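One structure is given below, encoded as structure tokens.
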Amino acid sequence: MSVTQSTLKPPASLSGSAAAANAAAASFAALTEKLGYLNAEGLDMVRRAYRYADEAHLGQLRNSGEPYITHPIAVAAQCAEWKLDAQALSAALLHDAMEDCGITKTDLIERFGIQVADLVDGLTKLDKLEFNTREENQAESFRKMLLAMARDVRVILIKLADRSHNMRTMGDMPRAKWGRISNETLEIYAPIAHRLGLNQTYRELQELAFQHLWPWRHKVLSKAIQKARHRRRDLMQKVEQEVEASFAKAGLKVRISGREKTLYSIYKKMDGKHLSFAQVTDIYGFRLILPEVIDCYTALGVLHQIYKPVPGKFKDHIAIAKLNGYQSLHTTIVGPSGLNVEFQMRTEAMHLVAETGVAAHWLYKDKGASNEANANLGNKWLQSLLDIQDETRDATEFWDHVKVDLFPDAVYVFTPKSKIMAMPRGATIVDFAYAVHSDVGDRTMAGKVNGEQVPLRTELRSGDIVEVITSAVASPNPAWLGFVRTGRARSKIRHHLKTMAHSESQGLGEKLLAQALRAEGIEKMPARDGEHSSLWDKLLHFTGSKTQAELLTDIGLGKRVASIVAKRLATLLSDTGLKPDALLLSRERFTAHENVSQGSVTVDGSENASVQYATCCRPVPGDAIVGYLGRGEGLVVHTDQCGVAQRLKYKDSERFIAVEWADEPTRTFEVAVVVTVSNGKGVLARVASAITSAEADITHVLMADEVSGQEATDLRFIFTVRDKAHLETVLGNLRRVPSVLQAQRVVSGVGREA
């Protein structure tokens, strides 16, 4: 246990300064008693760190009035319980020095080395940086902490020890801070502790947060537990005696300890399932520590011989460990007087991992195979943090991804080769694909569960055999973001879409600049070679872009106007002696006036992120169209009669460019249609049938609220068609339905169009 405030308070007879000195000395003496596992060199480093921290915090007091140094010592004491090394203990003693005392990272490197300095830096909040909101500041702070933790797990162990001591002493803080700190503990630190298998810390953080968030509820529940404990003491003793006797008879060595649900877990169960306290039956239980794994299964058989098990309450977490490395057999039996009692069976090594998770690496020194697994606990998740960071530079987005992975309520599925994979509950085939490998996720085309092809959004269940079908031409679909569950899958999809959007925007920008140059009488864009290198440097200086690729991407995204860049480039070319081609200049200006410029952009629906089709008018092949270069949106295609486009042209005409359809579009396009029908039974079914029989896929239906006595109703459909001729076929089918009074296309700004 770490040093608590009560052990740090000096006797009343001492003077103030002497009391402070004695309190600090006594608490450090208590810490050194825990450091017997360190060698002489390690002890010396910890002593130097203590002296340096004590000097740095000199004169600072905690809210309780104690010297501030008592807090770093208490944090280091908790880390010593986990048997962390001298570098981690030194960082624990120095963890507030950079933040509160003006000490720099360079100072720490010179005195204690780069590793200690990195640990302290990973723990330091970002108070000196300016952010737009407190939430953004918090997100950036956690991003830094989690990335430091991913590189060195000791960072989070120190941070959790720090948070544990702050929660234990929160009674000395102003009451106004209790809510914020307790919520943060419940939402962030307790889940991180659970994710890393630090169950003892996880339970303590939850209990302390519950006590400070809802003190009245905590007090009432605590009294109820105390009464129940007295009432059920005899029953629990009877169960314990019967179990001990049965195990002795079976010749099994076992260490039995009673366990009780925490107040917070009881409260969450009551709140989540709307139960009264009397209805929560599994409050009490026993933990059985056995010598070997086979003994755990033997113990299960012995238990089920004495008592009847509760159906559906057996879980084998030894064969299939939890995501955080936890292993145990769980069973709930019906004891005396119908009392449900849970038993957990595990080995000593499993118990150590169950209580301390990743810290078991330092605590458990046996070099067996089980410890090899312990050493890698949490590593997969920690590595995924670095992967997400590589693709997500925005702190808030990073934290959104990570929060998804902090609740390891898992399902266990199998690959076709029978390898077990743990996935968060609600995970889909796409999540599974990205868990296998990011290349598999990016190339996912379809999926099979238990041999049957299913939609990619299918949620996986424990025991499913999952097979991913890939294709070299497949790529992530933006719609996947609507159903993926894991942060890894979400960040990989977003990263791919952003990369794809930029490469496509660069291609579009190059085409637009070449078109604008032709309008200036320049046949083709100069290459960036030795001859034209200085010319491009001048152009990039003019635009403020770092590279040619960035400039072209900005043009494609509409952040820069191609005609302005082209005029500047034409001027620079004329300075080198290249004059505009008079014939090309006159031809381009004439055809541009006729809106059939040879340099117009051709669209076919395959452009993905770089070209958008306006939802206000929903253009389809065959419509006369125009292109608008929205600021940062890329090219937006409207029908030339669209009211929105007309208003934009009036305000911002220079951002409009000539656009035309390709001869063979690559996909179908959505169109909006309003169908007026006479009210009657089965009308919607007949109308939908008329649309689908014409080979159009309905994507959205909206029915106006029916008013009593009203004879006609408007049905609004969005469905996909190949082109304008296909749309006319669908409208013709609709008009032949007897109940249909009218069927018309909806185009923004011009009302309805047949």
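Quick note: the coordinates plus some simple rules give every number you see, no bench work behind them. These numbers come from a predicted model, not from an experiment. In this analysis, Cβ positions are derived from the backbone assuming ideal geometry, glycine residues included, and neighbour counts consider all displayed protein chains.
Could you work out the percent of alpha carbon pairs in segment 409-485 separated by over 19 Å, rounded to a whole number?
Roughly 25 percent, once rounded to a whole number.
Give me the compactness ratio for segment 40-132, meaning the Cα radius of gyration over 2.2 N^0.38 Å.
1.06
Need the full-extension length gain, residue 51 to residue 674, defined as separation in residues times 0.36 nm minus the C-alpha distance. One decimal, nm.
That pair, residue 51 and residue 674, stretches by 216.4 nm at full extension.
Given the peptides 345-352, 713-720, 116-123, 266-273, arrange them by the average over their residues of other C-beta atoms within 10 Å, most packed first.
For the peptides 345-352, 713-720, 116-123, 266-273, the packing ranking is 116-123, 345-352, 713-720, 266-273.
Stretched out fully, how many nm does the piece from residue 259 to residue 742 gain, at 0.36 nm a residue minus the Cα gap?
Full-extension gain reported as 166.7 nm.
Considering only the other residues whose Cβ falls under 12 Å of the Cβ of residue 302, what net charge follows from Lys and Arg at +1 and Asp and Glu at -1?
Net of charged neighbours comes to -2.
Fewest first, what order do 249, 313 take by the number of other Cβ atoms within 10 Å?
Exposure proxy ranking, most exposed first: 249, 313.
Suppose R0 equals 30 Å; then what is the FRET efficiency for residue 105 and residue 173 from their Cβ-Cβ distance, rounded to the nearest 0.05?
Given R0 = 30 Å and the Cβ-Cβ separation, E is 0.60.
If r is the Cβ-Cβ distance from residue 681 to residue 63 and R0 is 41 Å, what FRET efficiency results, to the nearest 0.05?
0.05
Report the calculated FRET efficiency for residue 693 and residue 714 (r = Cβ-Cβ distance, R0 = 22 Å), to the nearest 0.05.
0.55
Residue by residue, what Karplus-based ³J(HN,Hα) values in Hz, rounded to whole numbers, does segment 175-181 have, using 6.51, -1.76 and 1.60 with θ = phi - 60° and x for Gly and Pro?
Result, ordered by residue: 4, 4, 8, 4, x, 5, 5 Hz.
Which links in 538/579; 417/448; 269/315; 524/567; 419/448 stretch past 22 Å when you go from one Cα to the other?
none
Give the peptides 92-98, 325-331, 612-618, 534-540 in descending order of average Cβ contacts within 10 Å, highest first.
Packing order, densest peptide first, comes out as 92-98, 325-331, 612-618, 534-540.
Once the cut-off is 16 Å, how many percent of the Cα-Cα pairs in segment 669-753 end up in the long-distance tail?
Roughly 48 percent, rounded to a whole number.
Suppose the chain between residue 453 and residue 548 were pulled fully straight at 0.36 nm per residue; how much longer would it get relative to their current alpha carbon spacing?
Extra length available between residue 453 and residue 548 comes to 29.6 nm.
Which cross-chain or sequence-distant (5 or more) residues have an amide H under 5 Å from the amide H of residue 327, H modelled 1.01 Å from N in plane?
354
Which distance in nm do the two modelled labels at residue 477 and residue 228 give, with both placed 7 Å along the Cα-to-Cβ direction?
Label-label distance for residue 477 and residue 228, simple model: 4.8 nm.
Would you grab the residues whose amide H sits under 5 Å from the one on residue 286? Only those 5+ places off in sequence or on another chain, please, with H modelled 1.01 Å from N.
Under 5 Å from the amide H of residue 286 lie the amide H atoms of 259, 342, 343, 344, each far enough along the sequence or on another chain.
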